[in-house]
Amino acid sequence: MDTRLQTLGGGAVKLGSDDLGAFRGSLRGSLLLPDEPGYDAARMIWNAMIDKRPGMIVQALGASDVMRTVSFARERNALLAVRGGGHNIAGNAVCEGGIMLDLSRMRSVHVDPDSRRARVEGGALLSDVDRETQAFGLMVPVGINSTTGIAGLTLGGGFGWTSRKFGLTIDSLLSVDIVTADGELRRADAAQHPDLFWAVRGGSGNFGVVTSFEFKLNSLGPQVTAGLLLHPFAEAPALMREYRRLAAAAPDELSAWLVLRKAPPAPFVPVEWHDKEVLIIALCYAGPLADGEAAAAPFRALGKPIADLIGPTPFVGWQAAFDPLLAPGARNYWKSHDFKQLSDGACDALVDAIRRLPSNECEVFVGHLGGQVNRVPADATAFPRRDVEFIVNMHTRWRDPAQDTTCIAWARDLFKALAPHALGSVYVNFMPADETDRIRGAFGSNYERLAEVKRRYDPQNLFRLNQNISSH
Ligand code: FAD
C-alpha cells in the first residue's frame, strides 16, 4: 500500500512500499503508520487542544535514526515535526500529514561529577536531569514542571526556581550535538560552529535536531528551603504591592513567584478554602539550607496566611511540586507578557481577572526573573530578553470543549488589559500557535543575526514547525 506525506509546500508526496520498507529497515527505533499499534499514543502531546495526525511517526533511538529521518524528509520535501518532551503549548511537536520525529525514547543523562558536566539526550525530561544530577548534589537551572522536555525548554532559553542565582538553562550549556538540515551531525560549541552554538541558545528549534546537550553543573541541595504561602484572595491587592517590593530587594538565591487561582482540593489546603480564589507565594532559596529561613522571613511576615508551608524540602521534590496542577490531558491556551516592574495598573488587572476565572483550573503565574539572568549581555546568546524582572503567564486550562470560546476570551481580555504595563517582548516558549505576529518581538534585536544563521544551516526552512525564523 502507498503512504502519503504532506510536503513543505502543502502538497503530497507518495511513498512506494519499497521506499518505506527500506527506510523502516534502516532505523534502530520504530516507524509507526496511522493504522499501527502505538500510533495514537505516540501522537499525543501535553496540550489536549492539539489533535494532529502525522503521516508517520519515527521513534528514534539515537543520532543515526535522527540523521536518516532528517535526510529522508529533506529528500522528499516532507513536512517535519520534532518532539522532545511534547510540552510546547503551540503543539509544533506534532504535524498533520508529515513526519513526526519523536525523541521521547532518547532520555539518557550521564553525569561526570569530577568535571561537573552532564550529557543529556534530546528527549530527556527535566525530572531525568534533576534526578541524575542531584545524585551528586549537582544541578542545571531548569523549569518548574518536571515533565517538561529539556530540549524545547533549553532551545528557547529556560528558567525556573534557580535562574536568578545560576542564570538561564542556556547559560549553563557548553555544547550541543545537532543534526542539521543536510543530515550531518555537528558538534556546536564556543570553538566549533560558534554561530550555530550562539543561535541554539534561545533561537528555538529552527536550526536542527539536538541529539544531546552538554551542561556545566552547579552545586545545590539535596535539601533547599522552599514552599508555599497561601493567602485569601481578598488580601491580594495589598499583598501584591508588598510582594513586588520584597521581590525587588530579594537576594539572587531567592525566587518568589505568585500563583493566582482557585485553591485546588489538595491535602495542604483547608477544606473551607477548596475552589476559592487564593494568592499563593511560592518560594525557593537556591543556596545553603541554613540561610533560607532568614531570606524567606520577610515574605512569611506578610498578612495572615491560610497556610505557611515553607521549610526544608528535597530539591528534586520541589522541582515537581507543581506537577499535579500541570498534568497533561487538559485543554490549554496561554498568553504571556514580560515586565520590568508590576505597576499598580498591572496588579489591578490581575486581581480583576482572577475574580472572573472561567474554570477551576485556570491560573496566572507571575515568574520572578532578574538576578544572574540579567547580567548576560542581550547579544551574548540568541536570547535577547535580559531586562525582564517578571513574566506573567496566563495558564488558561479547562476540560470541556464547549468552554473553548469563554476560556480563550478570558486570556485574551487579560492580555489586553496588561499590555499597557508590559515590555512588549515575549518568551518564545510561552507562545501559542496563533501568536505568529509576536515572533519578531520574541527574538528582538537578535532576529536578523538569527535569520543569517538560518540561511546558512537551513536554507529550505526544513525546520519550520516552531516559532519560525524566516531567512528571507
Ligand atoms: P516539545 O513540544 O516537544 O518541543 C517544542 C519545540 O522544540 C518543537 O516544536 C521543536 O521545534 C523543538 N524541539 C523539541 N525537541 C527538539 C530537539 N531535540 N532538537 C531540536 N528541536 C527540538 N519554560 C520555562 O523556561 N520555564 C518553566 O518553568 C516552564 N514551565 C512550563 C510548564 C508547563 C506545564 C509547560 C507546558 C511548559 C513550561 N515551559 C516552561 C515552557 C517550555 O519550556 C516549552 O513548552 C518547551 O518548548 C517545552 O519543551 P519540550 O521539549 O517539552 O516541547
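The values are calculated or read from the model by the stated rules, or taken from the named source; none is laboratory data. Everything quoted here is computed from the prediction, not taken from an experiment. Here the Cβ is made from the backbone with ideal geometry for all residues, glycine too, and neighbour counts use every protein chain on show. Areas reflect the complete protein model, heavy atoms only, side chains present, ligands, DNA and RNA absent. Shrake-Rupley method; radii C 1.70, N 1.55, O 1.52, S 1.80 Å.
Going residue by residue through segment 43-50, is there one that turns out to be aromatic (Phe, Trp, Tyr) and either within 16 Å of the ligand (Cβ to nearest atom) or open to solvent by 10 Å² or more (accessible area, probe 1.4 Å) (or both)? Spell out how you get there, then give the answer.
Looking only at segment 43-50, we keep the residues that are aromatic (Phe, Trp, Tyr), and these are 46.
If we keep only those that are either within 16 Å of the ligand (Cβ to nearest atom) or open to solvent by 10 Å² or more (accessible area, probe 1.4 Å) (or both) too, we end up with 46.
Yes, because at least one residue in segment 43-50 is aromatic (Phe, Trp, Tyr) and either within 16 Å of the ligand (Cβ to nearest atom) or open to solvent by 10 Å² or more (accessible area, probe 1.4 Å) (or both).
From the list Thr381, Thr405, which one is within 16 Å of the ligand (Cβ to nearest atom) and either touching a Phe, Trp or Tyr at 6+ places or on another chain (Cβ under 8 Å) or outside the structural domain of Lys165 (by TED's automatic domain parsing) (or both)?
Values: Thr405 fails: within 16 Å of the ligand (Cβ to nearest atom).
Only one candidate qualifies: Thr381.
So is Phe213 assigned to a loop (DSSP other than H, G, I, E, B) and in contact with a strand residue (DSSP E or B) (Cβ under 7 Å, 6 or more places away or on another chain) or not? Don't jump to the end; show me each part of the working.
On the way: assigned to a loop (DSSP other than H, G, I, E, B): no; in contact with a strand residue (DSSP E or B) (Cβ under 7 Å, 6 or more places away or on another chain): yes.
When the stated conditions are applied, Phe213 does not pass them.
Go through (1) within 17 Å of Leu174 (Cα to Cα); (2) open to solvent by 40 Å² or more (accessible area, probe 1.4 Å); (3) in contact (Cβ under 8 Å) with a residue 40 or more places away in the chain for Ser115 and report which single condition fails.
All conditions pass for Ser115, except number (3).
For Gly25, are the conditions met, namely being farther than 26 Å from Glu435 by Cα, more than 25 Å from the chain's Cα centre (by Cα) and away from the ligand (no atom under 12 Å from the Cβ)? Lay out the reasoning, then the answer.
Numbers: farther than 26 Å from Glu435 by Cα: yes; more than 25 Å from the chain's Cα centre (by Cα): yes; away from the ligand (no atom under 12 Å from the Cβ): yes.
For Gly25, the condition - farther than 26 Å from Glu435 by Cα, more than 25 Å from the chain's Cα centre (by Cα) and away from the ligand (no atom under 12 Å from the Cβ) - is met.
Looking only at segment 145-170, count how many residues are under 9 Å from the mean Cα position of the chain (by Cα), crowded, with 24+ Cβ neighbours inside 10 Å and in a loop (DSSP other than H, G, I, E, B).
Total satisfying the criteria: 4.
Residues that are of a type in the set (Phe, Trp, Tyr) and over 22 Å from Glu184 (Cβ atoms): which strands (runs of 3 or more DSSP E) entirely in segment 1-75 hold 1 or more of them? Talk me through it step by step, then tell me what you get.
Numbers: elements: 3-6, 12-15, 30-32, 56-59.
Hits in segment 1-75: none.
Would you please name the residue that is most open to solvent (accessible area, probe 1.4 Å), looking only at residues in segment 217-243 that are under 16 Å from Ile306 (Cα atoms) and within 23 Å of the chain's Cα centre (by Cα)?
Looking at residues that are under 16 Å from Ile306 (Cα atoms) and within 23 Å of the chain's Cα centre (by Cα), I get Leu228.
Would you pick out the residues in segment 244-256 that are open to solvent by less than 20 Å² (accessible area, probe 1.4 Å) and either outside the structural domain of Leu230 (by TED's automatic domain parsing) or more than 16 Å from Ala301 (Cα to Cα) (or both)?
If we filter segment 244-256 for residues that are open to solvent by less than 20 Å² (accessible area, probe 1.4 Å), which is where we start, we get 247, 250, 254-256.
Ser255 - this is the single residue of segment 244-256 that is open to solvent by less than 20 Å² (accessible area, probe 1.4 Å) and either outside the structural domain of Leu230 (by TED's automatic domain parsing) or more than 16 Å from Ala301 (Cα to Cα) (or both).
Do we have Phe383 as in a loop (DSSP other than H, G, I, E, B), within 30 Å of Glu253 (Cβ to Cβ) and touching a residue at least 60 places away in the same chain (Cβ under 8 Å) here? Don't jump to the end; show me each part of the working.
Values: in a loop (DSSP other than H, G, I, E, B): yes; within 30 Å of Glu253 (Cβ to Cβ): yes; touching a residue at least 60 places away in the same chain (Cβ under 8 Å): yes.
Taking the combined requirement at face value, the residue satisfies it.
What are the residues in segment 461-472 that are open to solvent by 40 Å² or more (accessible area, probe 1.4 Å) and either in the same structural domain as Cys95 (by TED's automatic domain parsing) or modelled with pLDDT under 95 (or both), if any?
So the first thing to find is which residues in segment 461-472 are open to solvent by 40 Å² or more (accessible area, probe 1.4 Å), and the list is 464-465, 470, 472.
Across segment 461-472, the qualifying residues are Ser470, His472.
Out of the residues in segment 51-85 that are open to solvent by less than 20 Å² (accessible area, probe 1.4 Å) and away from the ligand (no atom under 15 Å from the Cβ), state the one that is nearest to Gly11 (Cα to Cα).
Ala78
Going by the conditions given, is Glu253 under 22 Å from the mean Cα position of the chain (by Cα) and within 16 Å of the ligand (Cβ to nearest atom)? Don't jump to the end; show me each part of the working.
Details: under 22 Å from the mean Cα position of the chain (by Cα): yes; within 16 Å of the ligand (Cβ to nearest atom): no.
Considered against the rule, which asks whether it is under 22 Å from the mean Cα position of the chain (by Cα) and within 16 Å of the ligand (Cβ to nearest atom), Glu253 comes out as no.
If you go through segment 27-42 one residue at a time, how many are of a type in the set (Gly, Ala, Ser) and surrounded by fewer than 14 Cβ atoms within 10 Å (Cβ to Cβ)?
Quick first cut of segment 27-42, residues of a type in the set (Gly, Ala, Ser) only: 29-30, 38, 41-42.
Now restrict to residues that are surrounded by fewer than 14 Cβ atoms within 10 Å (Cβ to Cβ): 38, 41.
Result for segment 27-42: 2.
Pick out, from segment 82-143, the strands (runs of 3 or more DSSP E) lying fully within it that include 3 or more residues that are in contact with a His (Cβ under 9 Å, 6 or more places away or on another chain).
Numbers: elements: 99-102, 109-112, 117-121.
Where strands (runs of 3 or more DSSP E) fall fully within segment 82-143 and carry at least 3 residues being in contact with a His (Cβ under 9 Å, 6 or more places away or on another chain), they are 117-121.
Taking the residues in segment 433-460 that are part of a loop (DSSP other than H, G, I, E, B) and buried (at least 18 other Cβ atoms within 10 Å of the Cβ) as candidates, determine which candidate is farthest from the ligand (Cβ to nearest atom). Lay out the reasoning, then the answer.
Residues of segment 433-460 that are part of a loop (DSSP other than H, G, I, E, B), as a first pass: 433-435, 458-460.
So of that shortlist, the ones also buried (at least 18 other Cβ atoms within 10 Å of the Cβ) come out as 435, 458.
Numbers: Glu435: 13, Asp458: 11 Å.
Filtering first and then ranking leaves Glu435.
Out of the residues in segment 171-216 that are farther than 21 Å from Asn429 by Cβ and within 11 Å of the ligand (Cβ to nearest atom), state the one that is most open to solvent (accessible area, probe 1.4 Å).
It comes out as Asp177.
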